[in-house]
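Input: a single structure, listed below in structure tokens.
The values are calculated or read from the model by the stated rules, or taken from the named source; none is laboratory data. This structure is a prediction, so every number in the text was calculated from the model and none was measured. Because the Cβ atoms are built from the backbone with ideal geometry, glycine has one as well, and the counts that use them run over all protein chains shown.
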Amino acid sequence: MTAPAIILSHPQLGENIGAAARAMKNFGLSDLRLVNPRDGWPNIKANHMAAGAGDIVDKAKLFGSLKHALADLQFVIAATARERGAAKPIYTPAEAARQLHAQVNEGTSCGILFGNERAGLENDEVSIATAILTIPTAEFWSLNLGQSVMLLCYEWFRGLDETAPVRIDHGPIAKKATRQEIIELFEHLESELLASGFLYPPHKEAPMIRNLRAFLNRTDMTDQEVRTLRGIIKALAHGKFRRPPPARA
């Protein structure tokens with residue numbers, strides 16, 4: 001899959017170009033196109049701000065006009081905060097990313113166009129784009145150029161990311177307990193509960209055991225956690241420092 005190009009039209013600050021490159025590196029985009037940067041190019045401040053994305057800065061393509069920067073692209077979304085009165089689809093960032101993925105999957109070359117820090121895109125620049133996207137905000141609508149690029153790059157990446165929405169970090173050396181380890185834990189715990197008289201009366205024994213197993217299964221334990229829990233059970237049942245419970249008042 002070819003990720004969309006990021007096109008910055010007349011960017012002013014090298015720092016914002018570097019921030020955009022860094023966002024692209026974070027989220028799997030690499031085609032950075034610059035149209036007439038105000039402070040010239042190359043710009044050492046862009047390299048400093050890129051922090052690890054210097055390769056994207058170094059390979060950025062420089063253009064003298066937006067027409068040439070977009071020449072090879074077939075589907076371009078213009079990022080703007082203001083209503084333009086243009087008869088174009090207006091997407092949220094999430095929908096823009098969905099549209100980009102659909103187009104790229106069909107072999108379409110795509111880009112996301114951003115304006116400069118002072119005034120954003122001009123109406124004529126928006127007019128040559130395929131569609132528009134706006135970033136909803138609570139009150140103040142103006143976003144930093146680097147922030148805007150970051151948000152759109154992230155939305156693009158979300159369509160590719162397979163990270164589980166919820167996970168537990170057990171550390172680098174822990175491994176998930178096997179079914180055998182879990183079953184042996186069940187047997188150990190249940191035998192001690194039977195010996196202690198906890199599983200009483202007899203007709204409630206089976207449902208109580210099933211409930212305990214369901215509870216333990218939900219914990220998604222590692223092998224080390226199973227061993228620790230079995231050690232706790234053993235200590236509670238047979239520990240050498242075991243004392244009788246204190247007398248009740």
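Criterion applied to Ala87, Ala81, Ala97 was being part of a loop (DSSP other than H, G, I, E, B), surrounded by 15 or more Cβ atoms within 10 Å (Cβ to Cβ) and hydrophobic (A, V, I, L, M, F, W, C), and the one residue passing it is Ala81.
Yes/no per residue for (1) at pLDDT below 95; (2) in contact with a strand residue (DSSP E or B) (Cβ under 9 Å, 6 or more places away or on another chain):
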{"position": "Met49", "(1), (2)": "no, no"}
{"position": "Gly52", "(1), (2)": "yes, no"}
{"position": "Asp55", "(1), (2)": "no, no"}
{"position": "Ala60", "(1), (2)": "no, yes"}
{"position": "Leu70", "(1), (2)": "no, yes"}
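Within the stretch 104-134, being over 20 Å from Leu32 (Cα atoms) and either touching a helix residue (DSSP H, G or I) at 6+ places or on another chain (Cβ under 6 Å) or small (Gly, Ala, Ser) (or both) holds for Ala119, Ser127.
Would you be able to say whether some residue in the stretch 25-36 is assigned to a helix (DSSP H, G or I), surrounded by 15 or more Cβ atoms within 10 Å (Cβ to Cβ) and free of Cβ contacts under 8 Å to residues at least 40 places away in the same chain? Scanning the stretch 25-36, I find at least one residue that is assigned to a helix (DSSP H, G or I), surrounded by 15 or more Cβ atoms within 10 Å (Cβ to Cβ) and free of Cβ contacts under 8 Å to residues at least 40 places away in the same chain, so the answer is yes.
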